[in-house]
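Since the structure comes first, as C-alpha cells, the remarks are kept for the end.
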Amino acid sequence: MKLFAKLMIAVLFIGMMLPFTILKGPDGKTLMSLSDISLPDFSIPKMPKFSQAFEGSEPIPGDDSDLSGKDLFYQWYDAKGNVQFTTEPPAKGIEYTIKGFDPNTNVIQAVKEPPEQDPMDEADTDEQKSAKTDDFGNPYSGDSIKKLLDDARNVEKLINQRFKDQESALNQ
C-alpha cells in the first residue's frame, strides 16, 4: 500500500510537470511557463459615486434627495411576466422602476403605550387596576398562569406514573 501511494504521488508530480517541460505547442514553446501562474486579484473594487453610477443611463425618476442613503433596487418584468429585482438596471428597452430601501428603517412594530389616566380615575379599586394592566401589554392573566402551572404538574404526574409502570414491567 505504501508503494502504491508513493507511485501515485510520483505519477501526479510528473503529470503536473509535463505542460512546463515536455509538452510543446504548435509554435514549439512549452504549453505553460512559471510566468503564467499568478494569484487572483483579491482587492476590493472601488465603487463609483452615486452621480457617476448613472451617467449615460436613463434618469432616475423622482428627487435625488429621497434616494440618498438608500440601497437601490430595480424592479422589472421578464419575458415570462415574472417580477425581477436586481441591483443593476435591466437591458435597454425594458421598462423598470427604481425602489429605494433604507437599511436603517425600523421594521419592528412599536409598542403601544397605555393612555395616561386622569387623577380622578385613581380612585379605582385594586381589582380594576389589575384588570386594566392585564388587558394591556400582558397576554397572560393570573388565571391562565395558574392553569398553565396545573397542567404542567399534571403532565409531570403522568410522566412519573408511566415511568413507574415501565419499571414494574421490566422487573417482572
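The values are calculated or read from the model by the stated rules, or taken from the named source; none is laboratory data. Everything numeric here is computed off the predicted structure, so don't read it as measured data. Cβ coordinates were reconstructed from backbone atoms using ideal geometry, including for glycine residues, and neighbour counts include every protein chain displayed.
Within the stretch 5-27, residues that are touching a residue at least 12 places away in the same chain (Cβ under 8 Å) have Cβ atoms under 6 Å from residues that are assigned to a loop (DSSP other than H, G, I, E, B) in these pairs: Pro19/Leu31; Pro19/Met32; Phe20/Met32, counting only partners at least 6 apart in sequence or on another chain.
Listed conditions (1) modelled with pLDDT under 85; (2) in a helix (DSSP H, G or I); (3) among the β-branched types (Val, Ile, Thr) are all met by Ile60, apart from (2).
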